[in-house]
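Chemist: Submitted below is the structure of interest, expressed as structure tokens.
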Amino acid sequence: MTDIPKETPRNVLFQFVIFPLGVVLVAVGVFFLFGKLATEEHTIPDYLNVIRSGSSHERWQAAYQLSKSLKRGEAARYPDLEQKVAAIYVNSKSDDPRIRRYLSMVLGSLGDRRATPLLLDGLDDRDVDNRIYVLLALGDLKDPASIPRIVKVASDPDKDVRKTAYFTLGEIGSPAAVAGLVAGLSDEVPDVRWNAAVSLSRFNDPRAVSVLREMLDRTRLNQVSAMREDQKEDVMIMAMQPYVHLGGGEAKADIQRVAVSDPSLRVRAEAKSALQQVR
């Protein structure tokens with residue numbers, strides 16, 4: 001269980017705003033299903049071989065373990081790894097979707113923008129979770145060339161794909177994404193708007209202010225179905241610093257009210273911290 005990351009406010013919001021429940025359950029379930037691959041020592045070539053020729057159960061586990069091994073810095077020993085993973089990814093369209101998801105994570109973690117066209121092709125996958133993983137991988141690559149295609153995906157019928165697209169546009173960090181992010185501010189789904197606003201705020205764009213203010217409004221948060229109290233707190237905390245930075249005197253007054261009167265001790269403390277940083 002040591003591989004499970006400690007949740008920060010950003011991580012928790014990320015899970016609530018980005019991931020559909022199925023993705024979260026799969027990611028957690030992996031830790032209980034590793035079997036042999038999780039308990040023995042394997043090298044990156046071992047994982048690649050299993051992905052190519054192992055049983056169905058072994059192959060997706062190997063793809064996941066490969067993605068974890070990259071986080072431990074092992075990729076530097078294999079300079080041709082991107083080409084090998086790319087070749088497997090190309091042939092995975094009709095394979096177990098889990099294999100394709102974890103391979104997209106690998107391509108993103110490697111940071112080689114030669115993978116951008118492959119990942120953009122993955123945005124046409126029928127599987128919703130596959131498209132979400134591809135978007136996250138594109139966020140890791142931060143390739144501005146992917147922005148036009150991601151902006152199109154931000155109109156996807158699935159709200160979780162739209163959320164992830166707006167998050168990814170912010171992660172890429174190119175001003176070319178601004179117009180697409182502004183369009184997301186009017187999405188009918190609250191947490192889609194929130195992702196668009198938080199990402200847009202990274203470009204110091206004042207058009208994000210109205211949605212950031214919405215994220216601090218407990219009355220409106222209470223209207224979002226199935227949203228836990230801790231998730232409401234995380235949304236409020238995520239909005240504080242960009243709102244007070246972009247919203248001027250009115251925003252400071254709003255944050256001050258939160259710092260004094262919000263029922264959550266944690267939210268009040270974060271509001272005070274946001275005000276101190278502005279000062």
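The values are calculated or read from the model by the stated rules, or taken from the named source; none is laboratory data. Just so it is clear, the structure is predicted and the values come from calculations on it, not from any experiment. Quick reminder, even Gly has a Cβ in these numbers, built from the backbone with ideal geometry, and neighbours come from all protein chains shown. Side chains included, ligands, DNA and RNA excluded: accessible areas come from the protein's heavy atoms. Shrake-Rupley method; radii C 1.70, N 1.55, O 1.52, S 1.80 Å.
Chemist: Are there any pairs, at least 6 apart or on different chains, whose C-beta atoms fall under 9 Å, with the first in segment 204-217 and closer than 13 Å to G184 by Cα and the second buried (at least 19 other Cβ atoms within 10 Å of the Cβ) and basic (K, R), and if so, which?
Modeler: Taking only residues 6 or more apart or on different chains, the pairs are V211/R193.
Chemist: Would a scan of segment 79-100 turn up a residue that is open to solvent by 20 Å² or more (accessible area, probe 1.4 Å), over 20 Å from I132 (Cα atoms), touching a residue at least 24 places away in the same chain (Cβ under 8 Å) and among the hydrophobic types (A, V, I, L, M, F, W, C)?
Modeler: No, the conditions are met nowhere in segment 79-100.
Chemist: Let me ask something additional. Testing V244 on (1) out of contact with any Phe, Trp or Tyr (no Cβ under 7 Å at 6 or more places or on another chain); (2) under 23 Å from L136 (Cα atoms); (3) not polar (S, T, N, Q), one condition comes back false. Which one is that?
Modeler: So V244 meets the others, but not (2).
Chemist: Also: Testing D187 on (1) closer than 21 Å to S225 by Cβ; (2) within 17 Å of the chain's Cα centre (by Cα), one condition comes back false. Which one is that?
Modeler: (2)
Chemist: Related question: Out of the residues in segment 211-233 that are open to solvent by 20 Å² or more (accessible area, probe 1.4 Å) and of a type in the set (V, I, T), which is farthest from A251 (Cα to Cα)?
Modeler: V224
Chemist: For segment 234-279, which residues satisfy the criterion of being of a type in the set (S, T, N, Q) and open to solvent by less than 70 Å² (accessible area, probe 1.4 Å)?
Modeler: Selection gives S264, S273.
Chemist: Further question on the same structure: Of the residues that make up segment 133-140, is at least one aromatic (F, W, Y), crowded, with 17+ Cβ neighbours inside 10 Å and over 23 Å from P206 (Cβ atoms)? Steps first, answer last, please.
Modeler: Here is the first cut: in segment 133-140, the residues aromatic (F, W, Y) are 133.
Narrowing the set further to residues that are crowded, with 17+ Cβ neighbours inside 10 Å leaves 133.
When the remaining residues are screened for being over 23 Å from P206 (Cβ atoms), the result is 133.
Yes: one or more hits.
Chemist: Limited to segment 159-177, what total is found for residues that are among the basic types (K, R) and touching a residue at least 40 places away in the same chain (Cβ under 8 Å)? If you could, list the steps in order and put the result at the bottom.
Modeler: From segment 159-177, those among the basic types (K, R) are 159, 162-163; that's our starting set.
Checking the rest, the ones that are also touching a residue at least 40 places away in the same chain (Cβ under 8 Å) come to 163.
Residues meeting the conditions: 1.
Chemist: Return the residues of segment 71-123 that are farther than 25 Å from H57 by Cβ, in a helix (DSSP H, G or I) and of a type in the set (D, E, K, R); say none if nothing qualifies.
Modeler: Answer for segment 71-123, where residues must be farther than 25 Å from H57 by Cβ, in a helix (DSSP H, G or I) and of a type in the set (D, E, K, R): R77, E82, R113, R114, D121.
Chemist: Of the residues Q241, Q276, Q231, only one is more than 23 Å from D160 (Cβ to Cβ) and in contact (Cβ under 8 Å) with a residue 24 or more places away in the chain; which? Walk me through how you get there before you give the answer.
Modeler: Working: Q276 fails: in contact (Cβ under 8 Å) with a residue 24 or more places away in the chain; Q231 fails: more than 23 Å from D160 (Cβ to Cβ).
Testing whether each residue is more than 23 Å from D160 (Cβ to Cβ) and in contact (Cβ under 8 Å) with a residue 24 or more places away in the chain leaves just Q241.
So that you can scan it fast, the table gives a plain yes or no per residue for (1) open to solvent by 80 Å² or more (accessible area, probe 1.4 Å); (2) touching a Ser or Thr at 6+ places or on another chain (Cβ under 9 Å); (3) modelled with pLDDT under 85:
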{"position": "P5", "(1), (2), (3)": "yes, no, yes"}
{"position": "P20", "(1), (2), (3)": "no, no, yes"}
{"position": "V28", "(1), (2), (3)": "no, no, yes"}
{"position": "G35", "(1), (2), (3)": "no, no, yes"}
{"position": "T43", "(1), (2), (3)": "no, yes, no"}
{"position": "I51", "(1), (2), (3)": "no, yes, no"}
{"position": "L66", "(1), (2), (3)": "no, no, no"}
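Chemist: Would it be correct to say that D156 is touching a residue at least 12 places away in the same chain (Cβ under 8 Å), outside any helix (DSSP H, G or I), farther than 23 Å from V278 by Cβ and within 17 Å of the chain's Cα centre (by Cα)? Walk me through how you get there before you give the answer.
Modeler: Numbers: touching a residue at least 12 places away in the same chain (Cβ under 8 Å): yes; outside any helix (DSSP H, G or I): yes; farther than 23 Å from V278 by Cβ: yes; within 17 Å of the chain's Cα centre (by Cα): yes.
Criteria met by D156.
Chemist: Would you mind finding the one in A208, A145 that is buried (at least 21 other Cβ atoms within 10 Å of the Cβ) and aliphatic (A, V, I, L, M)?
Modeler: A208
Chemist: Does A183 satisfy the criteria of being modelled with pLDDT of 95 or more and open to solvent by less than 30 Å² (accessible area, probe 1.4 Å)?
Modeler: no
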